[in-house]
Amino acid sequence: MASDIIAATTTTTSAALAAYSQSIASFLFRNAAFVAERICAAETSLRRIEAARLLRAHALVCAGDWNAAKQLLSQVQVALAIDPLQLDPFLKVCAKMSAFLLAKASMELGHAREAEEHLRKIMPPFNPLLYVDREGSSTHNSKHTESTKLDAAFLTCLEKYCPDDSAIFCLMGLICKQASTYSLAQQYLLQALEKNPYLWIAFEALCDMGFKVTPDIYFTDTACSNYISSIKHTTLETSVVPTKAENTIDESSSSAVPVLGPATRLRRQPSAPSNIRDTKRTKLTTATSATNAQLDPKPQPIQLQPSSLSTNSCPILKNILILAKAYLSYKQFDCAATLKIIETLCPAELNSARVAELLAKSYFEMADYRKAEEWFAKSISLEPHRVSGMDIYSSTLWHLKKQVPLSHLAHTLTETHRTSPQAWCAIGNCFSLKREHDVALKCFARAIQLDPEFTYAHTLSGHEYISMEDNEKAMQSFRTAVRCDKRHYNAWFGMGYIYLTQEKYDLAEFHLNHALQINSSNPILIVYMGLVYEKKKQTTKALDLYRRATQLRPDIPLYPFRLATLLHAMNRASEALTVLEPLVAQDPCESAVQFLLGKCLAQVGQPARAMKAFTVAQDVASGKVANSIREEIERIGGLVGVGGVEDGANVDGMEF
């Protein structure tokens with residue numbers, strides 16, 4: 001009778017474990033937690049009770065209930081009292097899974113140091129299945145047969161969700177990234193990529209931190225073959241059923257693992273991209289910087305050679321390789337190269353929302369907002385409820401002054417992703433475009449409340465404070481953005497711009513130069529750096545920077561206009577005329593350009609042509625510009641009266 005009851009219990013428990021797995025596979029995470037809780041209540045074995053609690057914690061992690069999962073997992077680890085010297089595979093799988101989940105929950109809650117401590121206990125080499133007694137089944141006592149079957153059922157269920165070495169390395173790398181120990185993060189993430197070439201998040205994190213990874217080393221046929229071999233090896237070993245589980249632990253044991261030291265809550269380090277607005281509100285992209293903080297023990301550095309570069313026959317891996325090169329170029333701010341690399345993708349990949357978003361962001365970085373808008377629109381058409389990149393899309397519409405599409409985007413994001421920081425950034429941009437800065441700041445504050453490490457929201461707040469002429473609060477926002485992401489050069493630019501307006505040119509040079517070290521190809525950064533040198537009377541450096549910006553973006557009139565203005569101030573009017581002629585042909589009715597043209601012509605001794613340029617400028621000018629034109633006309637020997645002149649214009653305030 002007792003054996004029948006035990007057999008029935010074994011069958012029922014096995015069925016419940018199967019229901020748990022089915023619930024997880026069906027995304028019914030709350031139901032899975034419920035089933036695991038019932039298994040826990042029905043079990044009498046301490047080891048299986050804790051295994052059931054571990055499964056329940058796994059379901060809570062899947063559901064995103066980080067606090068409840070962390071509390072439960074902490075209790076599981078204490079109850080199991082894992083001794084690293086024990087050779088019980090059942091307990092070691094429990095230890096590995098519980099430590100991994102506990103580290104994940106701690107990381108999501110922002111406790112990076114605590115997460116690292118948990119995960120370091122199971123860092124590879126850690127293979128509990130190597131200790132399975134493959135020959136013990138014949139010698140095991142028959143009275144433990146049914147119990148062993150239950151252990152095997154639990155172990156089979158646990159192994160489905162137990163992380164492999166690549167996942168452990170990846171999570172440790174992300175934890176180190178969150179804790180700002182980027183040197184260690186790089187080594188762990190590279191090891192994760194070496195073991196699993198499909199771990200895109202590892203490669204993405206490396207690029208976000210600014211590391212120049214060589215994709216040809218990791219996304220090859222050899223890497224794919226090694227990964228397949230590791231999967232087969234793991235499958236072979238997990239097929240062995242442990243038989244000495246009941247003899248390796250005293251189920252009534254209440255000893256606990258050593259208590260960890262106090263954990264330090266460290267900030268998270270996500271990357272948040274951004275770009276340029278205008279002369280008073282400029283948004284630039286972000287990544288993450290590298291530091292040399294040291295933690296022990298160090299992982300072994302990766303020594304790989306791209307020997308298998310010539311062979312990459314797997315179409316999936318080939319597309320991943322192209323995407324990796326494109327993403328790396330984008331994060332290194334070589335957006336022109338990104339566009340060329342993406343062209344080599346197959347048509348199916350080109351028609352994906354991810355690629356469309358990457359193209360849109362690249363054009364956004366190049367300040368080509370119209371093309372950026374087109375690709376963002378295509379991304380949304382492919383995935384109507386996509387939230388990734390929508391903060392950048394809202395800034396694109398802000399630049400284009402498209403109030404209606406921006407309002408529609410903000411409304412859509414509010415309906416579909418109300419708790420995302422991207423949605424509140426879009427709403428804030430909408431109010432910013434309406435010049436309702438107070439309301440915009442509240443929206444950005446809400447985005448920060450949802451994700452305190454969302455760097456872009458801090459930067460947007462800084463720009464709003466600049467618009468409100470509150471430089472102190474703007475500086476505070478930019479500094480917070482830099483603390484979140486040291487490679488967020490928009491924040492460095494924002495601080496440099498504030499110092500420039502305060503005529504603190506040395507400090508402005510320091511911050512703008514730091515931004516240029518991060519992104520040396522951004523024309524707006526280059527122009528503002530040139531303006532600093534111009535204010536410091538270092539005209540040669542300023543000229544070089546203006547020419548460089550003009551070469552990068554000859555289609556933006558502001559850059560050659562600044563170059564021509566400086567050339568005229570240096571009495572090099574002939575060179576200035578060469579720069580101005582294309583601008584005049586492009587927009588003959590721009591008063592600022594015509595006015596500067598007239599001054600250059602007068603300087604080279606062509607008063608008649610200068611008078612004509614002044615007349616055209618005066619026809620469309622107003623206020624102080626018109627008064628300046630009259631003064632120039634009088635200086636060259638004539639006075640031209642033109643009616644309809646208004647007050648209030650400013651040459652420096654002209655928009656191009």
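Values computed for the structure shown
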read-out: Conditions (1) modelled with pLDDT under 90; (2) in a helix (DSSP H, G or I); (3) surrounded by fewer than 24 Cβ atoms within 10 Å (Cβ to Cβ): number failed by C62; value: (1)
read-out: Complete set of residues in segment 11-32 that are β-branched (V, I, T) and either in contact (Cβ under 8 Å) with a residue 60 or more places away in the chain or more than 15 Å from F154 (Cα to Cα) (or both); value: T13, I24
read-out: Any helices (runs of 4 or more DSSP H) falling wholly within segment 501-585 and containing at least 1 residues that are at pLDDT 90 or above, of a type in the set (A, V, I, L, M, F, W, C) and under 30 Å from A610 (Cβ atoms); value: 523-535, 539-552, 558-569
read-out: Residue within segment 451-461 that is part of a loop (DSSP other than H, G, I, E, B), modelled with pLDDT under 95, closer than 22 Å to K331 by Cβ and among the aromatic types (F, W, Y) present; value: yes
read-out: Within segment 554-565, tally of residues that are of a type outside the set (F, W, Y), surrounded by 23 or more Cβ atoms within 10 Å (Cβ to Cβ) and either over 15 Å from F595 (Cα atoms) or in contact with a Ser or Thr (Cβ under 8 Å, 6 or more places away or on another chain) (or both); value: 2
read-out: Q551 being surrounded by fewer than 23 Cβ atoms within 10 Å (Cβ to Cβ), without any contact (Cβ under 8 Å) to a residue 60 or more places away in the chain and farther than 25 Å from D506 by Cα; value: yes
read-out: Any chance Q603 is at pLDDT below 85, surrounded by 16 or more Cβ atoms within 10 Å (Cβ to Cβ) and closer than 22 Å to L543 by Cβ; value: yes
read-out: Among the residues listed as P523, P452, the single one being surrounded by 20 or more Cβ atoms within 10 Å (Cβ to Cβ) and either under 19 Å from the mean Cα position of the chain (by Cα) or touching a residue at least 40 places away in the same chain (Cβ under 8 Å) (or both); value: P523
read-out: Any chance T459 is without any contact (Cβ under 8 Å) to a residue 24 or more places away in the chain and either within 17 Å of the chain's Cα centre (by Cα) or surrounded by 15 or more Cβ atoms within 10 Å (Cβ to Cβ) (or both); value: no
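Okay, residues lined up against (1) crowded, with 24+ Cβ neighbours inside 10 Å; (2) part of a helix (DSSP H, G or I); (3) touching a Ser or Thr at 6+ places or on another chain (Cβ under 7 Å); (4) at pLDDT 90 or above:
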residue	(1), (2), (3), (4)
T156	no, yes, no, no
E159	no, yes, yes, no
G173	yes, yes, no, yes
L189	yes, yes, no, yes
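The values are calculated or read from the model by the stated rules, or taken from the named source; none is laboratory data. Remember, predicted model here, so these are calculated numbers, not experimental data. Backbone-built Cβ (ideal geometry, glycine too); neighbour counts: all protein chains shown.
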